[in-house]
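Enquirer: Sharing a structure here in structure tokens format.
All of the numbers you see were taken from the coordinates with simple rules; none came from a lab. Everything numeric in this text was worked out from a predicted model, so none of it was measured. No Cβ is skipped: glycine too gets one built from the backbone with ideal geometry, and neighbour counts run over all protein chains shown.
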Amino acid sequence: MTELERLRQWIAGSGNIVFFGGAGVSTESGIPDFRSTDGLYHQQYAYPPETILSHTFYKSNPREFWRFYRDKMLYLDAQPNAAHRKLAQWEAEGKLRAVITQNIDGLHQKAGSRRVLELHGSVLRNHCERCGKFYGVERIMENSGIPRCDCGGPIKPDVVLYEEGLDQDVLEQAVAAIAQADVLIIGGTSLVVYPAAGLIRYYRGDKLVVINKTALEQAGADLTIQAPIGQVMEQL
């Protein structure tokens, strides 16, 4: 039996699948993984992405933060790929209980997934740091400077920056979903970003699947498929 056939069998027999995904799920929709630093960063920015996307930099150099953010973090025309669509289908069929994602692009919801636990927030949500008023991403795109609320306060994206903690409620929901899962599928992530990567240790089952371009030895998978996740998911 091939790995793909075994995975099909596990999925067919399960009503409690949980998916844990990272940047590799969105790269097939044309959203680059900013960790794979391209030459543009060196040409256009005096700091590495991890520095710019930190809480300290956001506070101390907001104009440069927003220049990078608009240029490199917003891909509003991106469309869901085969992986997003398959996960939404499984949820609609009552097989998948939750999507846990490190991505901030909203593509899982765009594909139709309803229970999406966004560990690192979403670029589609923003709020005023002074009065708390909510803004969609349209407000961010209206100008090129520091976005301001109607009250004059600065607007901050609901994205977890470096140095900031994850939302405790989202984290607890993710832990509970993983702990109760029958099949846990990990896809498109290098499992190097903590605390998110540490969540898989809460899995208690024996059907841990890794679908990734590169092997993840630290995952201790029961089944590994080394290929782009969208390519695999459209065969399921």
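Enquirer: Could you work out how far helix 62-72 tilts from the main Cα principal axis of the chain, as a 0 to 90 degree angle to the nearest 10?
Expert: 40 degrees
Enquirer: About the Cα centre of the chain, what is the dipole size in debye to 20, counting +1 per Lys and Arg Cβ and -1 per Asp and Glu Cβ, all else neutral?
Expert: 300 debye
Enquirer: Now for a separate question. Using DSSP to define loop residues, name the GluC sites (Glu not before Pro) in the stretch 18-118 whose beta-carbon has at most 15 other beta-carbon atoms within 10 Å.
Expert: Filter output for the stretch 18-118: Glu93.
Enquirer: Kindly work out what percent of the DSSP beta bridges joining two residues of the chain are antiparallel, to the nearest 5.
Expert: 30 percent
Enquirer: Let me ask something additional. How large is ³J(HN,Hα), in whole Hz, for each residue of the stretch 97-110 in order, when computed from phi with the Karplus curve 6.51 cos²θ - 1.76 cosθ + 1.60 and θ = phi - 60°, using x for Gly and Pro?
Expert: So the J values, rounded to whole Hz, are 8, 7, 10, 10, 10, 8, 7, 10, 9, x, 5, 5, 5, 4.
Enquirer: Something else about it: For Lys59, list the lysines whose Cα falls under 20 Å from its own Cα; do not include residues on the same chain fewer than 8 positions away.
Expert: Straight-distance partners of Lys59: Lys72, Lys133, Lys156.
Enquirer: At a Cα cut-off below 12 Å, give the aspartates and glutamates reachable from Lys86, other chains included and same-chain residues fewer than 8 away excluded.
Expert: Filter leaves Glu234.
Enquirer: Using a simple spin-label model with points 7 Å from Cα along the Cα→Cβ vector, what separation in nm is obtained for Thr51 and Ile146?
Expert: Simple spin-label model gives 2.0 nm for this pair.
Enquirer: Multiplying the sequence separation of Val193 and Lys110 by 0.36 nm and subtracting their Cα-Cα distance, what value in nm do you get?
Expert: Contour length minus the Cα-Cα distance gives 27.4 nm.
Enquirer: Could you check the simple spin-label distance between Thr214 and Ala78, using points 7 Å along Cα→Cβ, in nm with one decimal?
Expert: 1.9 nm
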